[in-house]
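Remarks on the structure that follows.
Readers should treat all values here as calculations from the given coordinates under stated rules, not as data from a laboratory. Bear in mind that the values here come from a model prediction, so they are computed numbers and not experimental data. Note that we place each Cβ from the backbone using ideal geometry, even for glycine, and neighbour counts take in every protein chain shown.
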Amino acid sequence: MAKLWRILPVWIVGAALAVGWPAGPVWAEQPAAKVEKGRLPIKEVRNFAEIFERIKSDYVEPVGDKKLLESAIRGMLSGLDPHSSYLNEEEYRELQVGTTGEFGGLGIEVGMEDGFVKVISPIDDTPAQRAGLRAGDLIIRIDNKSVKGISLDDSVKLMRGKPGSPVKLTIVREGVDKPFTVTVVRDIIKVASVKSRMLEPGYGYVRITHFQARTAEDMLKAIKRLKTISGKLKGLVLDLRNNPGGVLSGAVAVSDAFLEKGLIVYTKGRVADSRLRFEAGPDDILEGAPMVVLVNGGSASASEIVAGALQDQHRAIIMGQRTFGKGSVQTIIPVSRVTAIKLTTARYYTPAGRSIQAEGIKPDIMLENVEVETKAPPVTLLKEADLSGHLENGKAKGKKKKKQGGKGKQRATEQLVAKDYQLNEALNMLKGLYILQQAEGK
């Protein structure tokens, strides 16, 4: 595939700060934009100075100028939106380390809701997922300390710690009568952003857990391996459920892999550098084979870019539940050699001009997250062949031809239905799309 993708000066995260996971592993450092000169609000500046001096003189304990000014900057940024923040030396270093895809923590993407920490999504194969945390859970206490009234950054720090050490979280979950506690053991998190397998001969499955710089490259390799197994694919399920986002370049490249032309996404902001448009290049890795994209409430940001692009370009059927609705772009702007600010600089829009901010992507087909139990047929159920003296079908007598894949295929289907109803529905949709495509002679 002759496609080129460039690293962009912006990055997109699922929501707020990740617990142990800097969700934007790649960015290009950008100088601060020129600000139009204007008169300072003298009255407000004077109020700030007076409060600054009053805290220094009257606070119960001595506090340094550096701490006060850093706290003021944090408050100024956090007052803008949930995603703008100040990065001190430690936080900035952790963000840069995030490019490796290896980090320490619990493995959850979090935000704030009503003063509590909200789980946007647990990351696959991490302590948080293994402990049973779910998208939408509210964390109200961390090691018996209430999170009400403390910042998201401070809550994240409480959940961080040495690998192997436990942290007790008190959870409020929709549908559960009272809060309950979950103990999660911190660990070094190593996340492969792309996983793949064959669902049935000809029908592939690719899951993207989050978007890194190498995600598109890894996805293309995975699809090529699937093609090696079955030849040309009849269809593909792209699973973006509980994918909290990542870098914009990864989302653009993944979308581009399935499109031959047309707009993928565009961004609009106040400064020129925040106004970007991304078009698809030639070649479709699936060569026109049908696609289904699975999403849910934990699919955010970069995931929504992919789902929105493929939906608007009529390249895939989107199935599942309405996505998170995080449609803003954050830019990392260095303040010094070791500190930076993460500032919301633009909104992004799907090819049809939809802003996903606070709305999300509505699937073409809504699917509830339900568990399905298969039941054996009644023992009294008879077929014509079971009746005594039934007529033969007229075929020449001889050895009965063995059914290809009979019971084994049925068992695999039953297991998929029981384990993942939404994925089974996506597979059924793919089969229908393939049959329709064949009937139309494509």
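Tabulated data
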item: Within region 239-263, considering residues that are more than 27 Å from Arg197 (Cβ to Cβ) and under 22 Å from the mean Cα position of the chain (by Cα), the one surrounded by the most Cβ atoms within 10 Å (Cβ to Cβ); result: Leu248
item: Residue list for region 324-350, filter: assigned to a loop (DSSP other than H, G, I, E, B) and more than 20 Å from the chain's Cα centre (by Cα); result: Val335, Ser336, Arg337, Val338, Thr339
item: Enumeration of residues in region 296-323 that are part of a helix (DSSP H, G or I) and either of a type in the set (A, V, I, L, M) or under 15 Å from the mean Cα position of the chain (by Cα) (or both); result: Ala302, Ser303, Glu304, Ile305, Val306, Ala307, Gly308, Ala309, Leu310
item: Verdict on Leu236 being free of Cβ contacts under 8 Å to residues at least 60 places away in the same chain and of a type outside the set (Lys, Arg); result: no
item: Members of region 51-66 found to be surrounded by 11 or more Cβ atoms within 10 Å (Cβ to Cβ) and either under 22 Å from Thr339 (Cα atoms) or basic (Lys, Arg) (or both), listed by number; result: Lys56, Val63
item: All positions within region 154-199 that are touching a helix residue (DSSP H, G or I) at 6+ places or on another chain (Cβ under 9 Å), in a loop (DSSP other than H, G, I, E, B) and under 30 Å from Arg225 (Cβ atoms); result: Ala192, Ser193
item: Neighbours by Cβ (under 8 Å, 6+ apart or cross-chain): first from region 417-442, over 14 Å from Ile365 (Cβ atoms); second of a type in the set (Asp, Glu); result: Ala418/Glu371; Ala418/Glu373
item: Residue satisfying all of: in region 242-260; in a helix (DSSP H, G or I) and of a type in the set (Gly, Ala, Ser); farthest from Val293 (Cα to Cα) among these; result: Ser249
item: Of residues in region 67-94 being in contact (Cβ under 8 Å) with a residue 60 or more places away in the chain and among the aliphatic types (A, V, I, L, M), the one surrounded by the most Cβ atoms within 10 Å (Cβ to Cβ); result: Leu87
item: Selected residue (criterion: nearest to the chain's Cα centre (by Cα)) from residues of region 214-238 that are assigned to a loop (DSSP other than H, G, I, E, B) and surrounded by fewer than 21 Cβ atoms within 10 Å (Cβ to Cβ); result: Arg214
